[in-house]
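The values are calculated or read from the model by the stated rules, or taken from the named source; none is laboratory data. Every value quoted in this text rests on a predicted model; they were computed, and no experiment measured them. Cβ coordinates were reconstructed from backbone atoms using ideal geometry, including for glycine residues, and neighbour counts include every protein chain displayed.
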Amino acid sequence: MKKLVFIGAGSIVFTKRLLNDLFSYYPELKDTFTIRLVDIDNEKLQVATKMAQMIKKEKGSKSEIEAYKELTPALKDATYVINTVQIGGKKAVYTDFDIPEKYGLKQTIADTHGIGGIMRFLRTVPFFKELINTMEKECPNALLLNFTNPMSMCMWYINSVSEIKNIGLCHSIPATLELISAYIKTPLNDIDYEVAGINHMAWVLKLEKNGKDLYPLLLKTMEDENVWENDPVRFEILRRFSYFVTESSEHNAEYVSYFIKDQKLIKKLKIPIRETINRLELNEKIYQTYKKYYLEGDESMKDKDEQMKAEYFGKKMSTPVKNDQINTPEENKPHEYAMQIINAIEEKKDVEFYGIVPNHSMITNLPYDCEVEIPCIADRNGIHPTYVGELPSQLATLNISQISTQRLAVRAALTGKKEYVYYAMLLDPLASSVLSMDEINNMTKELINANASYLNYLS
């Protein structure tokens, strides 16, 4: 059997979703792989293994399930490697929020761009170095499918140090288009779209039905107060910059300099400060339901996770947007791209998806060496990014504001020079709109000290 490795399998939500994708949507693949689950947390690895075994049995798969705590044996002769790790755990996440707040800088998600994103990346660098080195030795022809944030910086680093085949994956684009289809009450099957930019800040460049521009309808729809309140930051960005951006309002609020610095706007736009902390607590509660169900056999906990997520995210919307009877082109495909790509390669069935890849002039007015999120094709020969051309200049400029800080953070990782961390922090759009240079430098020093155990490669 071919080897499919899940690194960070203790991220149970992702592992469950991806295994269900594999066994539910692609019966031709359900007996193809030995599934290798990897995690350093013994209890979470036990939960993930039991879960995988139960899903396998339920779906009638003959796949073998194996558990590993170390990378080397798990990666030996692997065909595909799916990475979902988060380095630092709960303590590091709290540090990413608490230290900046002490200086007056508030954040919402802090995992992709900005101060929190930079720190999360720097903590993850040693892990990626070990992962890439091990893959080059044990499975040099494997394809790495990365879900770990901050996506752009992680992929930029990987592509700077290795020739290993890789792709960065995120579900923000399909989720955004599904939401737009609900806002404008138009089946997604009927919408022609093109999206491009950088991860979490890509732009819906084309939104049409039968050749007719649907942006006027979206602009009209956002004037409905109930709709606007569900996505206020993204609608404000649309109003000012003429295009709808991927990823949620809570994410985009911290990617630009306009909103979080103003307490009145935080209240008006319902920006959820420290949202990641709330989700962290939710995920801990969800994990306990997995533990009770998979390890302790408590049947009352079966599918409790879906109920808890629906209740939590349902409360976040002022008026839930219904999308009844609106089909999507993905209705017979999983929401995540990973298994679509693997199926395309294994079964020689081409699929189009959005991936995070080196730009290499695919978007002509973004830097050649940065990471972009663009349409890609997967087929029997691998993954092929497609040419986009030029972004509207205002959108490219917004992207470059983040690319500039990404470049400096990656430079810190590649050179081991701490000064590049300070440069990156000083140039972050949100931090520089709220704090003085002295405050940013002092904050950065404190963050580096708090993360010293992960950053000993910096000097």
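Key figures
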| quantity | calculated |
| --- | --- |
| Any pair with Cβ under 6 angstrom, 6 or more apart, that starts in the range 45-59 at a residue that is under 18 Å from residue 287 (Cβ atoms) and ends at one that is among the polar types (S, T, N, Q) and part of a helix (DSSP H, G or I) | 48/15 |
| Options 121, 127: the member that is touching a helix residue (DSSP H, G or I) at 6+ places or on another chain (Cβ under 8 Å), modelled with pLDDT of 95 or more and either crowded, with 18+ Cβ neighbours inside 10 Å or farther than 27 Å from residue 274 by Cβ (or both) | 121 |
| Single match in 129, 137 (criterion: farther than 30 Å from residue 439 by Cβ, of a type in the set (Lys, Arg) and within 22 Å of the chain's Cα centre (by Cα)) | 129 |
| Selection status of residue 9, of a type in the set (Gly, Ala, Ser), part of a loop (DSSP other than H, G, I, E, B) and touching a Ser or Thr at 6+ places or on another chain (Cβ under 9 Å) | yes |
| Qualifying residue in the range 213-223 (condition: charged (D, E, K, R), assigned to a loop (DSSP other than H, G, I, E, B) and closer than 28 Å to residue 401 by Cα) | no |
| Total residues in the range 419-452, condition in a loop (DSSP other than H, G, I, E, B), surrounded by fewer than 15 Cβ atoms within 10 Å (Cβ to Cβ) and either in contact with a helix residue (DSSP H, G or I) (Cβ under 9 Å, 6 or more places away or on another chain) or at pLDDT below 95 (or both) | 0 |
| Some residue of the range 16-30 being touching a strand residue (DSSP E or B) at 6+ places or on another chain (Cβ under 7 Å), surrounded by fewer than 22 Cβ atoms within 10 Å (Cβ to Cβ), without any contact (Cβ under 8 Å) to a residue 60 or more places away in the chain and assigned to a helix (DSSP H, G or I) | no |
| Hits in the range 259-295 (condition: part of a loop (DSSP other than H, G, I, E, B) and either modelled with pLDDT under 95 or under 23 Å from the mean Cα position of the chain (by Cα) (or both)) | 259, 260, 270, 271, 272, 273, 274 |
| From 243, 193, residue being part of a strand (DSSP E or B), surrounded by fewer than 23 Cβ atoms within 10 Å (Cβ to Cβ) and not basic (Lys, Arg) | 193 |
| Any hit, the range 130-138, residues being in contact with a Cys (Cβ under 8 Å, 6 or more places away or on another chain) and part of a helix (DSSP H, G or I) | no |
| Residue list for the range 1-13, filter: of a type outside the set (A, V, I, L, M) and more than 19 Å from residue 142 (Cβ to Cβ) | 10, 11 |
| Filtered residues of the range 331-364 (kept if crowded, with 16+ Cβ neighbours inside 10 Å and either at pLDDT below 95 or in a loop (DSSP other than H, G, I, E, B) (or both)) | 333, 334, 336, 337, 359, 362 |
| Members of the range 196-218 found to be surrounded by fewer than 21 Cβ atoms within 10 Å (Cβ to Cβ) and not aromatic (Phe, Trp, Tyr), listed by number | 205, 206, 208, 209, 210, 211, 212, 213, 216, 217, 218 |
| Qualifying residue in the range 382-396 (condition: closer than 27 Å to residue 106 by Cβ and modelled with pLDDT of 95 or more) | yes |
| Residue 221 surrounded by fewer than 21 Cβ atoms within 10 Å (Cβ to Cβ), of a type in the set (Val, Ile, Thr) and within 29 Å of residue 386 (Cα to Cα) | no |
| Within the range 365-386, considering residues that are more than 16 Å from residue 80 (Cβ to Cβ) and outside any strand (DSSP E or B), the one nearest to the chain's Cα centre (by Cα) | 370 |
| Pairs where the first residue, in the range 392-407, is outside any helix (DSSP H, G or I) and the second is crowded, with 18+ Cβ neighbours inside 10 Å, C-beta under 7 Å, 6+ apart | 392/243 |
| Scope the range 69-103; condition of a type in the set (A, V, I, L, M, F, W, C), under 19 Å from the mean Cα position of the chain (by Cα) and assigned to a loop (DSSP other than H, G, I, E, B); matching residues | 85, 87 |
